[in-house]
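Step one of this worksheet: look at the structure below.
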Amino acid sequence: MAKKAAKTPVKSAARKAVKSALKKTAKPSPEKAAAPATAKPAKPGDGTGQIRIGIGGWTFAPWRGVFYPEKLTQAKELNYAASKLTSIEINGTFYGSQKPESFRKWASEVPDDFVFSLKGPRYATNRRVLAEAGESVQRFYDSGVLELGDKLGPVLWQFAPTKKFDPSDFGAFLELLPRELGGRALRHVVEVRHDSFCVPEFITLLRQFNTPVVFSEHATFPAISDVTGDFVYARLQKGEDSIETAYPPKALDAWAKRLEAWATGGEPTDLPRVDAAKPKKQPRDVFAYVIHEAKVRAPAGAMALIERVK
């Protein structure tokens, strides 16, 4: 019988203060302040969520002349990438703060229906006591993240491979994540990379917070496909640059079927799960990124997947 997680930790005064400060200080531009709370919900009426597929970042010299046309200027690379993909994972936010004008500029260079995901700062996740990450979380949202407007998708909180599962402390971290700011609903997803997270207690905790865990297709990181939130997030990291589309056609076919299964409220039957309990069946948005180490063929792999799920 699956072991139940401990009850959600009681919020401390410090965590309450941080969340209160976030609501007061993380404000979007006036023209965006009236935007309705939205988290890019699944399409109504047709029983399926939106599937968004992309890559990590858009500035990568080896893509020039391979993915990007030879004479394309670097200033136009984001616009070009966004015309071929449906999402991009922003990595720069993991390493340091960005400026509000940068977020506004990025939002202005992509199509209306394009959505970015972005990494939360490492200063929040690479620490011994996660419950003390409040100031880092607040600083991140104060940096102008909401300037992305409707193009703001999930925030990925990535943990080091050495970080082990501590139910109480991890629950305290989840409590720090704001679920709504400036009239806009926010989405969060966690990427854990230590085997100690492969326990039903972790899955139960995530479901309490309606927070997905990244399905990481990686040579060494744990692969957890349990659905724990109202969307699904996958990072495909086994591509090879010796293959024109990063993955062989049969592998891409298989991934297209998995993405479609998630979008229609089901679950792939060929991926490892931790907990026997099944989530409520409902349409879910899906975000998938082709991100292998050398990544020269990652854009081609993402585009090949997009064609398969149209």
Exercise. Would you pick out the residues in the range 296-310 that are surrounded by fewer than 21 Cβ atoms within 10 Å (Cβ to Cβ), part of a loop (DSSP other than H, G, I, E, B) and either hydroxyl-bearing (Ser, Thr, Tyr) or at pLDDT 95 or above (or both)?
Worked result: VAL296, VAL309
Exercise. Residues in the range 98-140 that are touching a strand residue (DSSP E or B) at 6+ places or on another chain (Cβ under 6 Å) and over 22 Å from ARG193 (Cα atoms): how many?
Worked result: 2
For this session: Please state which of the following conditions ALA277 fails to meet, knowing it meets all the rest: (1) at pLDDT below 95; (2) crowded, with 17+ Cβ neighbours inside 10 Å.
Result: (2)
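Does TYR141 satisfy being hydroxyl-bearing (Ser, Thr, Tyr) and free of Cβ contacts under 8 Å to residues at least 24 places away in the same chain?
In short, no.
Here are some residues: ASP253, ASP230. Which one is over 21 Å from TYR80 (Cβ atoms), in contact (Cβ under 8 Å) with a residue 40 or more places away in the chain, buried (at least 16 other Cβ atoms within 10 Å of the Cβ) and of a type in the set (Asp, Glu)?
ASP230
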Exercise. Got at least one residue in the range 168-183 being within 19 Å of SER117 (Cβ to Cβ) and acidic (Asp, Glu)?
Worked result: yes
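Is there a residue being among the hydrophobic types (A, V, I, L, M, F, W, C), part of a loop (DSSP other than H, G, I, E, B) and at pLDDT 95 or above anywhere in the range 229-239?
no
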For this session: Please find, among VAL296, VAL286, the residue that is within 25 Å of LEU205 (Cα to Cα) and β-branched (Val, Ile, Thr).
Result: VAL286
Problem set entry | Residue ID - farthest from the chain's Cα centre (by Cα), chosen from residues in the range 158-211 that are modelled with pLDDT of 95 or more and among the small types (Gly, Ala, Ser) | SER168
Exercise. Looking at (1) assigned to a loop (DSSP other than H, G, I, E, B); (2) polar (S, T, N, Q); (3) out of contact with any helix residue (DSSP H, G or I) (no Cβ under 9 Å at 6 or more places or on another chain), which is the one condition that is false for SER216?
Worked result: (1)
For this session: Hey, can you tell me all the residues within the range 183-227 that are small (Gly, Ala, Ser) and surrounded by fewer than 19 Cβ atoms within 10 Å (Cβ to Cβ)?
Result: GLY183, ALA185, SER196, ALA219, ALA223
Exercise. Exactly one of (1) more than 15 Å from the chain's Cα centre (by Cα); (2) over 20 Å from HIS292 (Cα atoms) is unmet by PRO222. Its number?
Worked result: (2)
Exercise. Which one is nearest to the chain's Cα centre (by Cα) among residues in the range 263-310 that are of a type in the set (Gly, Ala, Ser) and within 24 Å of THR211 (Cβ to Cβ)?
Worked result: ALA288
Exercise. Is there a residue being over 22 Å from GLU293 (Cβ atoms) and under 18 Å from the mean Cα position of the chain (by Cα) anywhere in the range 51-73?
Worked result: yes
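The values are calculated or read from the model by the stated rules, or taken from the named source; none is laboratory data. What you are looking at is a predicted structure, and each value in this text was computed from that prediction instead of being measured. Please note: Cβ atoms are built from the backbone with ideal geometry, for glycine as well, and neighbour counts cover all protein chains shown.
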